[in-house]
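Notes follow the structure.
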Number of protein chains: 2
Amino acid sequence: MTIAAAISELAGFLGDRLSRAERDLFGHGRPKNRAPFLPPDAVAYPETTREVARIVTACAAQGCPVIGRGMGTSPEGHSQAMRGGVCVDFSRMNRIVEVNHADMDVVVQPGLTQEILNRHLQSTGLFFPVEPGTNASLGGMAATRAGGIATVRYGSMADNVLALQAVLADGRVIRTGARARTPAAGYDLTRLLVGSEGTLGLITELTLRLCGQPEKISAAVCAFDRMRDAIDMATAAITYSIPVARLELLDSATVAAVNAYAGLSLEQKPHLLVEFHGFQQSVAEDAARFAELVDDMGGRIFRWPALAEDRAALWAIRQNAYYALLASRTGTRAVAIDLSVPLSRLRDAVEEIRAEIAASPIPGPMLGHVGVGHVQVLLLVRDQVPGEVEAASVLARHIVERALRLGGTVLGDHGLDGLSDMAAQHGPGWDVMGEIKRALDPLGILNPGKVVPLPH
Amino acid sequence: MTIAAAISELAGFLGDRLSRAERDLFGHGRPKNRAPFLPPDAVAYPETTREVARIVTACAAQGCPVIGRGMGTSPEGHSQAMRGGVCVDFSRMNRIVEVNHADMDVVVQPGLTQEILNRHLQSTGLFFPVEPGTNASLGGMAATRAGGIATVRYGSMADNVLALQAVLADGRVIRTGARARTPAAGYDLTRLLVGSEGTLGLITELTLRLCGQPEKISAAVCAFDRMRDAIDMATAAITYSIPVARLELLDSATVAAVNAYAGLSLEQKPHLLVEFHGFQQSVAEDAARFAELVDDMGGRIFRWPALAEDRAALWAIRQNAYYALLASRTGTRAVAIDLSVPLSRLRDAVEEIRAEIAASPIPGPMLGHVGVGHVQVLLLVRDQVPGEVEAASVLARHIVERALRLGGTVLGDHGLDGLSDMAAQHGPGWDVMGEIKRALDPLGILNPGKVVPLPH
């Protein structure tokens, strides 16, 4: 049982769609922004579900790891090849299979990206509402249970995947879920696969729920003197049931970085970016109520872009924040820590984490989908500066511990060396995940080392 | 390994909270409305999670089946004791553990009912939006993935359970999910347990998402000459993105039954009942757009009840429909078939099923949460009339096949003798469910015969 034997079998039927070129291996094992760099032994470019099944079957026979990969935009290193093996690159499976207008759903292949899907849907009056802020593949978004700036209104991938086709660890092809909106009796295999990070199956087709494009969109930029006021405002909007479609927080460091990066002149204060979707009058009413609350909280709304392109520019601020922050400190990479706490703890969590960061040598700007209690801390680490990697690691550990102590969750794992966040968060539930993994992938070939511990 | 040995051990620590009284056994094995009647050997009334764990541990040691039970309102026979054993009745675990106002969530025990929870929440400005139309227990609603009249707006139990505590088949206690709105990395064990019908674990605590009570509610009753027009109207409301909070269909047979049952005088035509939730202006706007569409579709809105008690009376029509239909044919029981099809197939599905029913001797009125493509057919069977049971069984089979052929799903199973709907709907995915079941409950003691086949 060897990886080499598996690869030579794959080469037999994939031909030049199996690559061992160094350029490919490097491109597929490198996480977007964190060490370690763990390339696969080969990269396969299947074009059909049947080919994926054949790849997995051949790898299973040889005990060879199989790692699925979309666009590789995850900052969490989801497609690192911890034990080598074959990376299944879905870039050639990127078709829209069918758009069902009347049912407001779409069937797609996993390599299609969210941006391209939405570009295609533009003329249909429909759109897919999960927007992670990078041009991620829809298969990767499902595998990592991605959310985004509109999760507060439309939910994450957990809420918007109706059905899947997947190849299991033994090469079996299954279909889960249905286009009908009420699922059949039975275990929710769709939601078991969503978020499983390629460890239980490789997603080869997705049926996604679509939404009607809103008749009216209104967006605003608001500044606050203090971070706590911005957070109180976000919390108030949710508890007053104002149906915000997007609600994003940027701290003042992030605002400074986007000013520099994009030549803007936002006041260097914490900001909320907000958007409302709906019919004419309801959007006007939502916006008016929001504005009233901002006023009560001592904030200031200083822009209501009326044109679609001005709104796009507004949201580009948020989408470029990551790159702006990277550019704000030369020679840096960003360790992203995504956490979510109950709304009532958000202010405490942010203030405590800010104090922790202030006492460390590492800059740690914060932003997030604050309407769902989500905050992203980007630790801007210079690998070459002595002590920074260690300091960042201690800081990350403290941040995670603090989030968990406040009843929060941490997305992704921040201890690839043993996945210890998982044990802390799930307790005995993590053992149960291991039991499910062993039942469905007894050889442990699917994306080893993710979600559950590496097999011995 | 015997059931008797398990029961005598349970009696040791439960005392008179373990019952073998015939009255209890009968009360706990009788499905709401369908044969066969399969009582357990004993009924346990635990008061704590620890006691539930102790019960399951003792039963596991003896290979004794354990069947959880809430209020027993399911029409699908979920708590029938297919192999005897111990019924765990959660009626003494019915407390609200905590209401977190600021976070809009609540922690409850599984025996609490939805109606009592909402009565308690009334003064808080919050409510729990899943309303199955009977006073079901929240644990049972989670176990059966219940939806209800507001699923179209607020989702089902799959969307509204944030976290669970559960006792697994070996007595382990796990916690899944979190109060934070963005779940941690890891498999979605919460949504695996929701809908698992007590076959993977017994739910002993639930954390539920709450919503703000709407500032303004508006409701209407609309009549249509033809069933197809009512369905076209429902479909149009969804595709025009009118954010209905409730949208229910009653066919004319159902309307006749509720008229007789409740002394009403609705026109004997297909009806839609609709409700809008939101701020003042948005509700007015939603209602106006809906009314315009009804007009276009040739329907007629003849009542907009302004007072809360009149709206309650309106929804009581829907909630009593089941009992009204039972009363409409003496000596009958109702075999409920819940199906859901993609919206675009709803009209065809309903018309084909109506034709099928018309050609049979069994009355089969239809109603449903039509905004999510759901239709319930109630076959009114008289067990004592020769041939009716057989005719109903054939009819049910045809209806299920038709729904599946139109891309639909069927809730519950309609072939307790082998669960054949499950194989038809899930294909190889059903095998995967069996693999998960065996991994988590290798002895097959948790609610045997549900979701996956009975062990040999």
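Pairs exceeding 26 Å between alpha-carbon atoms, taken from A:LYS437/B:LYS450; A:LYS216/B:LYS269; B:LYS216/B:LYS269: A:LYS216/B:LYS269; B:LYS216/B:LYS269.
Between amide H atoms placed 1.01 Å from N, distances below 5 Å from B:LEU446 occur with B:VAL66, all of them 5 or more places distant or on a separate chain. Relative to the longest principal axis of the Cα atoms of chain B, helix B:227-239 runs at roughly 80 degrees. Seen against the Cα atoms of chain A and their longest principal axis, helix A:308-319 is set at about 70 degrees.
Of the beta bridges in the stretch A:3-91, as assigned by DSSP with both residues counted there, near 20 percent are antiparallel. Between the listed residues A:ALA61, A:TYR323, B:GLY434, the Cα displaced farthest toward the positive end of the dipole of the protein assembly as shown, a dipole computed from Cβ unit charges relative to the Cα centre, is found at A:ALA61.
Note on the stretch A:329-414: with charges restricted to the Cβ of Lys and Arg (+1) and Asp and Glu (-1), its dipole about the Cα centre is near 140 debye.
Rank A:VAL400, B:ILE217, B:GLY27 by how far each Cα sits towards the positive end of the charge dipole of the protein assembly as shown (+1 on Lys, Arg Cβ; -1 on Asp, Glu Cβ) and give me just the farthest. Positive-end residue among those listed: B:GLY27.
Sort B:332-340, A:233-241 for me by packing, meaning the mean count of neighbouring Cβ atoms within 10 Å per residue, highest on top.
Working: B:332-340: 23.7, A:233-241: 20.9.
Descending packing order for the listed peptides: B:332-340, A:233-241.
For peptide A:170-180, compute the average count of partner chain beta-carbon atoms within 10 Å of each residue's beta-carbon. Provide the component values of the computation, followed by the final result.
On the way: counts 0, 0, 4, 3, 7, 5, 5, 3, 10, 10, 19.
Shielding by partners across A:170-180 averages 6.
Projecting the Cα positions of A:GLY373, A:PRO132, A:MET71 onto the charge dipole of the protein assembly as shown (unit charges on Cβ atoms of Lys, Arg, Asp and Glu, taken about the Cα centre) puts A:MET71 furthest along the positive direction. The Cys residues in the protein assembly as shown with no partner Cys Cβ within less than 4.7 Å of their Cβ are A:CYS87, A:CYS211, A:CYS222, B:CYS87, B:CYS211, B:CYS222.
Which value, in debye to the nearest 20, describes the size of the charge dipole of the protein assembly as shown about its Cα centre when Lys and Arg Cβ atoms bear +1, Asp and Glu Cβ atoms bear -1, and nothing else is charged?
600
Below 9 angstrom from the Cβ of A:VAL244, what's the summed charge of the other residues (Lys, Arg +1; Asp, Glu -1)? Don't skip to the end; give the middle numbers.
Numbers: positive: A:ARG153, A:ARG246; negative: A:GLU275, A:ASP286.
Here the charged neighbours net out to 0.
Per residue of peptide A:424-435, the mean number of Cβ atoms on other chains within 10 Å of the residue Cβ is 6.
Computed from label points 7 Å out along Cα-Cβ, the spacing between B:ARG228 and A:TYR240 is 4.9 nm. Residue-wise HN-Hα couplings along the stretch B:193-208, as the Karplus relation 6.51 cos²θ - 1.76 cosθ + 1.60 with θ = phi - 60° gives them from phi, are 6, 5, x, 8, 6, x, 8, 10, x, 9, 6, 10, 7, 10, 10, 10 Hz; Gly and Pro carry x.
Per-residue ellipticity at 222 nm for chain A, helices alone: DSSP H runs ≥ 4 residues times -39500 (n - 2.57), over residue total, nearest 500 deg cm²/dmol?
Numbers: 17 runs with 172 residues, N = 456.
Computed mean residue ellipticity for chain A: -11000 deg cm²/dmol.
Taking square-rooted eigenvalues a ≥ b ≥ c of the alpha carbon gyration tensor, is the stretch A:206-299 rounded, prolate or oblate, where a/c under 1.5 means rounded and, failing that, a/b exceeding b/c means prolate? Since a/c reaches 1.5 but b/c is at least a/b, the shape of the stretch A:206-299 is classed as oblate. Comment: the Cα-to-Cβ extended label point of B:SER123, at 7 Å, lies 6.0 nm from its counterparts in the other copies, nearest first.
Amide H contacts of A:SER137 (H built 1.01 Å from N, in plane; Pro and chain starts excluded): A:MET71, A:GLY72, A:THR73 sit under 5 Å, all sequence-distant by 5 or more or on other chains.
Would you work out the relative contact order for the stretch B:323-417, in percent, from Cα pairs under 8 angstrom that are 6 or more residues apart? Write out the running numbers ahead of the final one.
Numbers: 133 pairs, mean separation 36.6, N = 95.
Relative CO of the stretch B:323-417 lands at 39 percent.
Percent relative contact order of chain A, based on C-alpha pairs within less than 8 angstrom and at least six residues apart? Taking the mean separation of contacting Cα pairs over the length of chain A, I get 14 percent. Each Lys and Arg contributes +1 and each Asp and Glu -1, all at the Cβ; summed about the Cα centre of chain A, the dipole is approximately 520 debye.
Report, as an integer, the average count of C-beta atoms from other chains found within 10 Å of each Cβ along B:272-281. Write down the numbers at each step before the final one.
Numbers: counts 0, 0, 0, 0, 0, 1, 6, 10, 3, 8.
Whole-number average of other-chain Cβ neighbours for B:272-281 is 3.
The distance from the alpha carbon centre of the stretch A:153-172 to that of the stretch B:238-254 is 28 Å, rounded to a whole number.
Contact order for the stretch A:94-212, expressed relative to its length and based on alpha carbon pairs under 8 Å spaced 6+ residues apart, stands at 31 percent. Plainly put, the tip 7 Å out from Cα toward Cβ on A:LEU307 is 5.5 nm from that tip on each other copy, the closest given first. Inter-copy label distances for B:ALA291: 2.8 nm (label point placed 7 Å from Cα along Cα→Cβ; shortest first).
Taking the longest Cα principal axis of chain A as reference, the axis of helix A:49-62 is set at about 60 degrees.
For A:GLY195, nonlocal amide neighbours, meaning residues 5 or more places apart or on other chains whose placed amide H falls under 5 Å from its own, are A:ALA143, A:THR144, A:ARG145.
FYI, it's all coordinate maths here, none of it is from the lab. Quantities reported herein were computed from a predicted structural model and do not represent experimental measurements. Glycine gets a Cβ as well: all are built from the backbone with ideal geometry, and neighbour counts include every protein chain shown.
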